[in-house]
Amino acid sequence: PYAPAQAADKIIEILNKLAQMKSEHDAGADIRRTGYLHSIFGEILRYAKADTDKSAYIHRAVHIIETRYAEQLTVAGLARDIGLERSYFSTLFHKITGKSPQNYLSDIRIKKACALMSVDEYTINEAATAVGIAPEGFSRVFKSKMGITPGQYRKSLKHVLPDLSDEWICGR
């Protein structure tokens with residue numbers, strides 16, 4: 001899908017040689033064709049960045065999580081969306097963020113739910129649904145992240161002077 005401009009002339013030359021071999025069927029023809037294909041890849045890699053910035057993949061994944069947290073996101077789906085294999089994506093994500101993709105998603109959802117629960121118009125179940133967590137599992141997930149139930153969190157809001165900064169909401 002990508003060929004550096006500097007390699008274009010050489011790649012065209014190699015492709016022309018491959019085309020000329022179309023009618024060759026001797027014992028070494030397949031090996032020569034394979035060699036030409038390897039030459040094409042070699043030309044591409046000659047000009048490609050040797051040390052690509054892998055964090056760009058994770059920045060893209062974080063953006064997806066932070067904008068689509070309410071959807072049914074999966075690690076496999078995120079990996080596919082950014083063009084990486086699932087286990088490599090998970091390893092790279094953890095290495096760069098310090099969290100697994102699933103944990104990061106869960107943290108974002110709880111943070112957003114806390115913000116919604118600080119508004120009286122949202123019930124706890126509505127906040128759970130709005131952030132993509134099934135209401136029946138919300139209390140368990142919330143308590144595992146926050147150490148208190150959603151009801152206890154909501155009661156604690158009544159006893160604190162509101163400071164609606166992100167650091168205050170959910171103590172994050």
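So which residues in the stretch 42-57 are part of a loop (DSSP other than H, G, I, E, B) and either touching a Pro at 6+ places or on another chain (Cβ under 7 Å) or at pLDDT 65 or above (or both), if there are any at all?
Keep residues of the stretch 42-57 that are part of a loop (DSSP other than H, G, I, E, B), which gives 48-54.
Selection gives ALA48, ASP53, LYS54.
The rows are residues; the columns are (1) of a type outside the set (Ser, Thr, Tyr); (2) in contact (Cβ under 8 Å) with a residue 24 or more places away in the chain.
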residue: ARG86; (1), (2): yes, no
residue: SER90; (1), (2): no, no
residue: GLY98; (1), (2): yes, no
residue: GLN102; (1), (2): yes, yes
residue: ILE108; (1), (2): yes, yes
residue: LYS112; (1), (2): yes, yes
residue: ASP120; (1), (2): yes, no
residue: ASN125; (1), (2): yes, no
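Residue-level check: of (1) in contact (Cβ under 8 Å) with a residue 40 or more places away in the chain; (2) open to solvent by less than 90 Å² (accessible area, probe 1.4 Å), GLN6 misses just (2). Of the conditions (1) open to solvent by less than 50 Å² (accessible area, probe 1.4 Å); (2) part of a helix (DSSP H, G or I); (3) among the small types (Gly, Ala, Ser), SER144 clears all except one; give me its number. For SER144, the failing item is (1). Evaluating PHE93 against the criteria (1) under 15 Å from the mean Cα position of the chain (by Cα); (2) open to solvent by 70 Å² or more (accessible area, probe 1.4 Å) leaves one unmet condition, (2). Would you point out which residue out of ASP26, ASP30 is of a type in the set (Asp, Glu), open to solvent by 40 Å² or more (accessible area, probe 1.4 Å) and in a loop (DSSP other than H, G, I, E, B)? Result: ASP26 is the single residue among ASP26, ASP30 that is of a type in the set (Asp, Glu), open to solvent by 40 Å² or more (accessible area, probe 1.4 Å) and in a loop (DSSP other than H, G, I, E, B). Screening GLU126 on (1) more than 15 Å from the chain's Cα centre (by Cα); (2) over 27 Å from LYS155 (Cα atoms); (3) open to solvent by 60 Å² or more (accessible area, probe 1.4 Å) shows it passes everything except condition (2).
The values are calculated or read from the model by the stated rules, or taken from the named source; none is laboratory data. A quick note: this is a predicted structure, and the numbers were derived from the prediction, not measured. Don't worry about glycine lacking a Cβ; one is built from the backbone with ideal geometry, like all the others, and counts go over all protein chains shown. The accessibility values were calculated without ligands, DNA or RNA, using every heavy atom of the protein model including side chains. Shrake-Rupley method; radii C 1.70, N 1.55, O 1.52, S 1.80 Å.
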